[in-house]
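Colleague: Handing you a structure now.
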Protein chains: 2
Amino acid sequence: MPQKLTLKKIAQDMNVSISTVSKALRDSHEISVETREKIKGYAKKFNYKPNNIALSLKNQKTKKIGIIIPEIVHHFFATVISGIEKVANEKGYQVIICLSGESFDKEVVNMDMLANGSIDGFIMSLSKETLERQDFHHLREVLNQGMPIVMFDRVVDAMPCDKVIIDDFAAAQSATEFLLRKGKKKIGIISTVDYVSVGKLRTQGFKEALNKRNAHFDKNSVLKIEDAENCTTKIENFLKKGDFDGILAVNELFAVTASKILQKQNKQVPEEVAIIAFTDGMLSKYASPTLTTIGQKGEDMGALAANKLIERLESKQDIDESYETVIVKTSLVERESTP
Amino acid sequence: MPQKLTLKKIAQDMNVSISTVSKALRDSHEISVETREKIKGYAKKFNYKPNNIALSLKNQKTKKIGIIIPEIVHHFFATVISGIEKVANEKGYQVIICLSGESFDKEVVNMDMLANGSIDGFIMSLSKETLERQDFHHLREVLNQGMPIVMFDRVVDAMPCDKVIIDDFAAAQSATEFLLRKGKKKIGIISTVDYVSVGKLRTQGFKEALNKRNAHFDKNSVLKIEDAENCTTKIENFLKKGDFDGILAVNELFAVTASKILQKQNKQVPEEVAIIAFTDGMLSKYASPTLTTIGQKGEDMGALAANKLIERLESKQDIDESYETVIVKTSLVERESTP
DNA sequence: AGTTTCTACGAAAACGTTTTCGATTTTTTA
DNA sequence: TAAAAAATCGAAAACGTTTTCGTAGAAACT
């Protein structure tokens, strides 16, 4: 019922002009101390707060960051958002989140909506479908408008923008080497289809480690899973055929599924088969046995991405066209699933 | 480099007035078919999209929903957001997410920021600190401004707004009864401190079930945990002293922690001790043994909340002051942790 | 006393829309 | 052919700010 207070209403109530009110509230010396105090008192009393939309229109900046990710019910992405939100909030920004649901079309639509004035810049991780199609026109359009983008995790190298990633190749390689050092001879990897860049890179790192050590490797050492929903039987067959003593999984879910299957087959984890998973989330911490993981530092990635974006937003326009790719160090969190 | 296209620029380029351009693009009959087509062609060619901020200011509505929750790295909240986002998106709304981090001050600040024009309405779950203080002035302020709020999960009954909750009392009661029917005699509950309303209600439901059956109950049957971080030793002591054959936990984390401790003590789950947890998330699905849970239907709650809010936003102002509390049915998901 | 400098405020433009109203021209009708 | 009606467009207000500029009166100079 009490209408939102505006400068205009204050001006009417106090018999001054709108400009006077505005200046008084911003402590301009153009206004006498007397009227300044009077107006500020009135504003405080009735809890005046400037309208954000009007400010956005005036200033041509919204102080909002658009986030587009495939899913939110996913520990890694949730941690990234948490990291973004934290630094964004500290610097006076708010985050608008849109989910692509791994769909190209939704990604495009959401981006279009946000790009029309709602936000100052993007932080995003691409949908699987986008990666599959290799269609990035929506990114290019936004960038051409002069709106900055920071990509993380699922990035595309060719884009002229900042990126925050982990070194998937190196992480997979060193995790594999870790297993080899522990005496494992026949290691398998449970990965995703190749168009998901992280899946591909992790598989390559895995191969590299094996090659360096002249360890056993053939195409049967690699399982590529399309949809995570019904991965159980695929993993089961893979494990049965392979008879591995070490498993590297590109996410927690594959790892814990494998672990359960192995235990059902009466194989001891980690004595007979060791397991390492990418992503250090809830599952790994509470599975039985607990899983050794490669921590992706989602919070850090989010924080870095937000800092990068805000830095670019607040620098005097894009004089500096040199884009940066930050590589976040992973860390091996040793738990029970490795000896 | 190519400045964002506006009505004004189109008008200049085509030597007509701004109003003509606006009308032409909206297919007004006031404009001749000829000029209409010409302008629309031009707009399409250079990919004109109206500026959202300007529209928001003009229409006095932003088509954005503000979400304030304690945490996002939390499966339940993530599912709720997912549910909200889905229906919001369908109806042309976007979501702005702010995290309180269980802090009263952050909740207040974030709400203030969003309430000043950035959004049309709120969907929120209160922080622990807010519940502890019982200070709801920020909610009242927003409601007094005529901005609708829909609360979920952690709600406060007295607030004049719509709410979406699960019947925590009934759910805890029926889960307890389930355990009793399975022949369990001495059941304990691992809950949270009382100011978290859901913890309190669930404990009450638990007591009610025991009372009805004249089952064993004393104050040692209840463990109230303040912070989830170091709950392990507390749970360990609780289990040791209690010697239970059934456990009801108010969240997955407590349940899986209890399960692990029990197994370390060589107690068979579910044969010797059965376990039921609130929240049907990842942990329960992949723990060993898998956990029987009370599904909170986070997605449903989010979808219902969003529908309620949008409905109220789009009704001709708040003629209808009768607020509704939707109770979402829980479902018992039986898994291995109960016989 | 006349000129200049301050002081304190208001008018108006700008941000990008939509919409109401008025104005001009063309077409229709009597 | 004059009047009425329709067609087509532009001006301007409005949303709520901030900021530049102008201006009136008072104070301070010469």
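The values are calculated or read from the model by the stated rules, or taken from the named source; none is laboratory data. Just so it is clear, the model here is predicted, and its values are computed rather than measured. So basically every Cβ, Gly included, is an ideal-geometry build from the backbone, and we count neighbours across all protein chains shown. Accessible surface areas use protein heavy atoms only, side chains included; no ligands, DNA or RNA. Shrake-Rupley method; radii C 1.70, N 1.55, O 1.52, S 1.80 Å.
Colleague: Given a 1.4 Å probe, how much area per residue of segment A:197-339 is accessible, in Å²?
Modeller: Normalised by residue count, the accessible surface of segment A:197-339 is 49 Å².
Colleague: Between copies, how far does the label point of A:ASN15 sit from its twins, in nm, shortest first, when each point is 7 Å from Cα along Cα→Cβ?
Modeller: In ascending order, 5.3 nm.
Colleague: Check cross-link reach from B:LYS219 to the lysines: straight Cα distance under 22 Å, and skip same-chain residues fewer than eight apart.
Modeller: Output for B:LYS219: B:LYS184, B:LYS185, B:LYS186, B:LYS200, B:LYS207, B:LYS234, B:LYS240, B:LYS241.
Colleague: Hey, for B:GLU34 with labels 7 Å out along Cα-Cβ, what do the inter-copy distances come to in nm, ordered shortest first?
Modeller: Nearest to farthest, the other copies are at 6.4 nm.
Colleague: Convert each backbone phi in segment B:89-94 into a coupling constant with the Karplus relation 6.51 cos²θ - 1.76 cosθ + 1.60 (shift: θ = phi - 60°), then list the ³J(HN,Hα) values in order as whole Hz, x for Gly and Pro.
Modeller: 4, 4, 9, x, 10, 10
Colleague: Can you list the copy-to-copy distances for B:ASP243, using a point 7 angstrom from Cα toward Cβ, in nanometres, shortest first?
Modeller: 5.0
Colleague: Given a Förster distance of 30 angstrom, what is the FRET efficiency for B:TYR195 paired with A:HIS137, based on the Cβ-Cβ distance and rounded to 0.05?
Modeller: Efficiency, rounded to the nearest 0.05: 0.05.
Colleague: Now a separate question. With the cut-off at 32 Å, tell me which of the pairs A:LYS91/B:LYS285; A:LYS297/B:LYS4; A:LYS91/A:LYS329; A:LYS40/B:LYS8; A:LYS128/B:LYS260 have Cα atoms farther apart than that.
Modeller: On the way: A:LYS91/B:LYS285 39 Å; A:LYS297/B:LYS4 37 Å; A:LYS91/A:LYS329 25 Å; A:LYS40/B:LYS8 37 Å; A:LYS128/B:LYS260 36 Å.
A:LYS91/B:LYS285; A:LYS297/B:LYS4; A:LYS40/B:LYS8; A:LYS128/B:LYS260, as the Cα separations exceed 32 Å there.
Colleague: Let me know the Kirkwood hydrodynamic radius for segment B:216-339, please, with Cα pairs as the basis and the value in Å to one decimal. Write down the numbers at each step before the final one.
Modeller: On the way: mean 1/r = 0.0605 Å⁻¹.
After inverting the mean inverse Cα-Cα distance, the result is 16.5 Å.
Colleague: Continuing with this model, one more query. Given a Förster distance of 35 angstrom, what is the FRET efficiency for B:GLU314 paired with A:ASP167, based on the Cβ-Cβ distance and rounded to 0.05? Show your work: numbers first, answer last.
Modeller: Numbers: r = 49 Å, r/R0 = 1.39.
The formula returns an efficiency of 0.10 here.
Colleague: Still on this structure, I have one more. For B:71-81, what's the mean count of beta carbons from other chains sitting within 10 Å of each residue's beta carbon? Mind showing how you got there, number by number?
Modeller: Numbers: counts 2, 9, 13, 4, 5, 1, 3, 8, 2, 2, 6.
Mean shielding by partner chains, rounded to a whole number: 5.
Colleague: Something else about it: Across all directions of projection, what mean area in square nanometres is found for the Cα convex hull of segment A:135-273?
Modeller: The directionally averaged projection comes out at 9.3 nm².
Colleague: Per residue and in cubic angstrom, what volume does the convex hull of the Cα atoms of segment A:80-167 have?
Modeller: Details: hull volume 8.9 nm³, N = 88.
Once divided by residue count, the hull of segment A:80-167 is 101 Å³.
Colleague: Oh, and also: Given segment B:4-93, report the % of alpha carbon pairs whose separation exceeds 14 Å.
Modeller: Here the tail beyond 14 Å accounts for 72 percent of pairs.
Colleague: In peptide B:52-60, what is the residue-averaged number of other protein chain Cβ atoms found within 10 Å of each Cβ?
Modeller: 6
Colleague: Given a 1.4 Å probe and the protein chains all in place, what does the accessible area of A:GLU226 round to, in Å² to the nearest 10?
Modeller: Counting only protein heavy atoms, A:GLU226 exposes about 100 Å² to solvent.
Colleague: Right, another one. Using unit Cβ charges (K, R positive; D, E negative) and no other charged atoms, how large, in debye to the nearest 20, is the dipole of segment B:266-335 about its Cα centre?
Modeller: Charge dipole of segment B:266-335: 300 debye, to the nearest 20.
Colleague: Hey, can you rank A:146-154, B:152-160, B:40-48 by average C-beta count inside 10 Å, highest first?
Modeller: A:146-154, B:152-160, B:40-48
Colleague: Turning to a different aspect of this structure: What does the helix-only formula give at 222 nm for chain A: each DSSP H stretch with n ≥ 4 adding -39500 (n - 2.57), the total divided by the residues, and the result rounded to the nearest 500 deg cm²/dmol? Walk me through the numbers before you get to the answer.
Modeller: Numbers: 14 runs with 156 residues, N = 339.
So the calculated ellipticity at 222 nm is -14000 deg cm²/dmol.
Colleague: More than 27 angstrom separation, counting every C-alpha pair in segment A:7-163; what % is that?
Modeller: The proportion of pairs with Cα distances above 27 Å equals 41 percent.
Colleague: Please report the Cα spread of the protein assembly as shown along all three principal axes, rounded to whole Å, starting with the longest.
Modeller: Result for the protein assembly as shown: principal-axis Cα extents of 80, 67, 51 Å.
Colleague: Applying the Karplus parametrisation 6.51 cos²θ - 1.76 cosθ + 1.60 with θ = phi - 60° to the phi angles of segment A:207-214, what ³J(HN,Hα) value in whole Hz is obtained for each residue in order, glycine and proline being reported as x?
Modeller: Per residue, the Karplus-derived 3J(HN,Hα) values read 4, 4, 4, 5, 4, 4, 9, 6 Hz.
Colleague: Here's a follow-up. Nearest the rotation axis from B to A, which residue of chain B has its beta carbon, and at what whole-angstrom distance?
Modeller: B:SER288, 2
Colleague: Something else now. Go ahead and run the numbers for FRET between A:SER174 and A:ASN15, Cβ-Cβ distance against an R0 of 56 Å, rounding to 0.05.
Modeller: Working: r = 73 Å, r/R0 = 1.30.
Efficiency, rounded to the nearest 0.05: 0.15.
Colleague: Follow-up question, since we're still on this one. State, to one decimal in nm², a quarter of the convex hull surface area for the C-alpha atoms of chain B, i.e. the direction-averaged projected area.
Modeller: Reported value for the Cα convex hull: 22.1 nm².
Colleague: Kindly give Rg over Rh for segment A:64-104, based on alpha-carbon atoms, with the Kirkwood expression for the hydrodynamic radius.
Modeller: Dividing the radius of gyration by the Kirkwood radius yields 1.00.
Colleague: With solvent modelled as a 1.4 Å probe, how much accessible area in total do chains B and A shield from it at their shared surface, in Å² to the nearest 100?
Modeller: Buried area (both sides, nearest 100 Å²): 4500 Å².
Colleague: Please report the relative contact order for chain A, taking Cα pairs under 8 Å with a sequence separation of at least 6, and give it as a percent rounded to a whole number.
Modeller: In percent, rounded to a whole number, it is 17.
Colleague: Check which residues have an amide H placed less than 5 Å from B:ILE294's amide H, if you skip close sequence neighbours.
Modeller: It is B:ALA277, B:PHE278, B:THR279, B:VAL333, by chain and number.
Colleague: How many nm is it between the label spots at B:LYS38 and B:SER22, if each spot is 7 Å from the Cα in line with the beta carbon?
Modeller: Label at B:LYS38, label at B:SER22, 2.1 nm between them.
Colleague: Continuing with this model, one more query. Could you give the nm distance between label points at A:GLU30 and B:ASP105, where each point is 7 Å from its Cα heading toward the beta carbon?
Modeller: Modelled inter-label distance: 3.5 nm.
Colleague: Evaluated at 10 °C with a viscosity of 1.306 mPa s, what Stokes-Einstein diffusion coefficient in µm²/s does segment B:191-288 have when Rh comes from the Kirkwood expression over alpha-carbon pairs?
Modeller: This corresponds to a translational diffusion coefficient of 115 µm²/s.
Colleague: While we're looking at this one, here's another question. Which number comes out as Rg/Rh for segment B:287-339 once both Rg and the Kirkwood Rh are worked out on C-alpha atoms?
Modeller: On the Cα set of segment B:287-339, Rg over Rh gives 1.26.
Colleague: What is the mean number of Cβ atoms from other protein chains located within 10 Å of the Cβ atom of each residue in peptide A:286-299, rounded to a whole number?
Modeller: 2
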